[in-house]
Amino acid sequence: MKLIKGSGVLLHPTSFPSEYGIGDLGQEAYKFVDFLYNSGQKYWQVLPFNPPGFGESPYQAFSAFAGNPLLISPDKLRQEGLLESNDMERVTQYNENIVEFEKVRKYKDQLLRTAFKKFNSDNCTMYQDFEKNNILWLENYSLFMALKNYFGGSSWNQWNRLAAKRDEEALSRYRNLLQDEIEYQKFLQFKFFTQWLELKEYTNLKGIKIIGDIPIFVALDSADVWANPHLFCLDEAGNPLKVAGVPPDYFSKTGQLWGNPHYDWVRMEEDGYKWWRQRFITILGLVDFVRLDHFRGFEAYWEIPFGEESAINGKWVKGPGESFFSTLEKNLGKMPIIAEDLGIITSEVVQLKNKFGFPGMKILQFILEDTTQEVILPLNFDYNSVVYTGTHDNDTILGWFNNHYMEKNKIQKVFENNLGIFPNMSGDEVCWRFIEIALQSSSALALIPLQDILGLDSSARMNYPGTLGNNWNWRFKKGDLTKEIETRLYQLVQAYSR
């Protein structure tokens, strides 16, 4: 896949300003797209927009296919006549800096159920088409969520045994019992997909491409594992035999224990990776490119015995590698994939990425602070790559600079001698200089988290890998995207022909 030279912004929709406590697909989303267009951007990257599960992480979702209902815009539902102004009265005031997930979920669920009561699926051909086009995952997901609510939110392997094991007689009874809730879950997905595709059309008409995100693993407590247990390495009780993670790395001395079940790649290969093919078909109907999370796991993945308290006692196991991507390309054509080739990258991982022509990722923070080897300056990056000042897993560039600049003499020398960054510069100047470095790099694509464009410190960080709480909740405020910022970004884009 050949990237067209350009630049873009990394921002998840939950981070938009909103009076409803969480960003959504309404007016503020369109204003953000206008900001991208006016500042000369060609790309917008988002995180996975699946319904978040454990820890509110979009990488631990209840489905690899479904969308996050919290992103549905109440204002757009009101415009359709599904909500009235008095339906949207709020008692709770929301923090404008962060998403308070529990408060937001309770309020929006009440709103969305009100809208559902006014929705007539029988008279909506678009809804009926949506059901048909997504039948391979929608039925299982809707039943899964209905059962999850019925069983008090517990993980599927803690449900009534017949429901957990998908006994057909039992499922038939539950479908009758929970029919209204199942239809509600389908309604939520219909509205998410409809609103997202309207926003995507607007974005594409502005000449901007959307980069989505596919997590390599799925959560144990997901519709995917419940509906397809044969595709995962589970015991009879539905617990994983081995779980996913990574060995000790930059983020953690004991590694990261993600806890996701591993795939049974042998079983998946038998039907030509059908589940994965459907996953790619679904996401590529919603975005233009996909960042493939933890790309190295397709060459070899870190396997940790279930029950371990850390990731230290894992081992590398060969992944599906070339067979997987060859099968995808044979069935779906050339894949618009950006490989997240971070972490422990071996020559085998590089060979796999290069064989299929996938662009890799360059993170300025990682490259500049790596004292184990000579720093590769941004002007010498591979063209077929995407450079970031940082990602959702990194500190903001200002937070990182403040915490690291004085720590390592080598970094100071590189900053001052090669990058023109000095200790007497203001925080705002530091951020813009790093943005400029990314834009003038030789990578085809430069992506900047919005936090860095706004010059924000560590308090605006999106995620602290390996931790729970206070993650995924950052939001920017109305008025943050000033004309001054828009103009400055546009001028830099023009200066470096992006």
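Every read-out reported here was derived from the displayed coordinates using simple, explicitly stated rules and does not represent laboratory data. The structure presented is a predicted model; accordingly, all values stated were derived computationally and were not measured. Neighbour counts run over all protein chains shown; Cβ positions are idealised from the backbone, glycine included.
What to note about this one:
- Listed residue (N50, P74, V99) projecting farthest to the positive dipole end of segment 43-114, Cβ model: N50
- Estimated distance in nm for a label pair at N331 and Q491, the labels positioned 7 Å out from Cα along Cα-to-Cβ: 5.1
- Across segment 129-245, Cα-Cα pairs farther apart than 18 Å form 60% of the total.
- Restricting the calculation to Cα atoms, every distinct pair contributes to the Kirkwood radius of the chain, found to be 23.8 Å.
- Solvent-free Debye scattering, log10 I(q)/I(0), computed from the Cα coordinates of segment 288-338 at q = 0.32 Å⁻¹: -1.20
- Stokes-Einstein D for segment 32-135, Kirkwood Rh over Cα pairs, 10 °C, 1.306 mPa s (µm²/s): 97
- Here segment 346-498 yields Rg over Rh of 0.97, to two decimals, using C-alpha coordinates and the Kirkwood radius.
- Cross-link check: pairs K5/K362; K242/K355; K242/K362; K315/K355; K165/K318 evaluated at a Cα-Cα cut-off of 20 Å; pairs beyond the cut-off: K242/K355; K242/K362; K315/K355; K165/K318.
- Size of segment 29-85 from its Cα atoms: along the principal axes, largest to smallest, the extents are 37, 34, 18 Å.
- Residue among Y127, N157, L171 farthest towards the positive dipole end of segment 78-203, charges placed on Cβ: N157
- Once the mean of 1/r is taken over each pair of separate Cα atoms and inverted, segment 90-170 shows a Kirkwood hydrodynamic radius of 15.8 Å.
- If the convex hull is drawn through the Cα atoms of segment 428-498, its volume per residue in Å³: 107
- Förster-model FRET efficiency, 25 Å R0, Y150 and E201, C-beta, rounded to 0.05: 0.10
- Taken over segment 1-43, the alpha-carbon convex hull comes to 76 cubic angstrom per residue.
- The antiparallel fraction among DSSP beta bridges confined to the chain stands at about 40%.
- Between S172 and V266, the simple spin-label model (points 7 angstrom out along Cα→Cβ) gives 3.5 nm.
- The residue among G469, Q440, V493 whose Cα reaches farthest toward the positive pole of the charge dipole of segment 425-498, with charges on the beta-carbon of Lys, Arg, Asp and Glu, is G469.
- Between K5 and E303, the simple label model (points 7 Å from Cα in the Cβ direction) yields a spacing of 4.6 nm.
- For segment 292-390, the alpha carbon convex hull comes to 133 Å³ per residue, rounded to a whole number.
- CD proxy at 222 nm, helix term only [per DSSP H run n ≥ 4: -39500 (n - 2.57); per residue of the chain; nearest 500]: -11500 deg cm²/dmol
- Estimated dipole of the chain in Debye, rounded to 20 [Cβ of Lys and Arg +1, of Asp and Glu -1, Cα centre]: 640
- FRET efficiency for the D75 to E484 pair, using the beta carbon distance and R₀ = 25 Å, is estimated at 0.35.
- Normalised by 2.2 N^0.38 Å, where N counts its residues, the alpha-carbon radius of gyration of segment 191-335 equals 1.17.
- Average 1/r across all pairs of distinct alpha carbons in segment 199-285, invert it, and you get the Kirkwood radius: 15.4 Å.
- Total charge dipole magnitude, segment 228-286, about the Cα centre, Cβ charges on Lys, Arg, Asp, Glu only, Debye to nearest 20: 240
- For segment 54-162, GluC sites (Glu not before Pro) are listed when DSSP marks them as loop and at most 13 other Cβ atoms sit within 10 Å of their Cβ; the list is E80, E84, E89, E96.
- Between segment 130-185 and segment 462-495, the Cα center-to-center distance that results, in Å: 38
- Where chymotrypsin sites (Phe, Trp or Tyr not before Pro) fall in DSSP loop in segment 122-219, at most 12 other Cβ within 10 Å: none
- At R0 = 51 Å, FRET efficiency that the Cβ-Cβ distance of K318 and Q412 yields, to 0.05: 0.75
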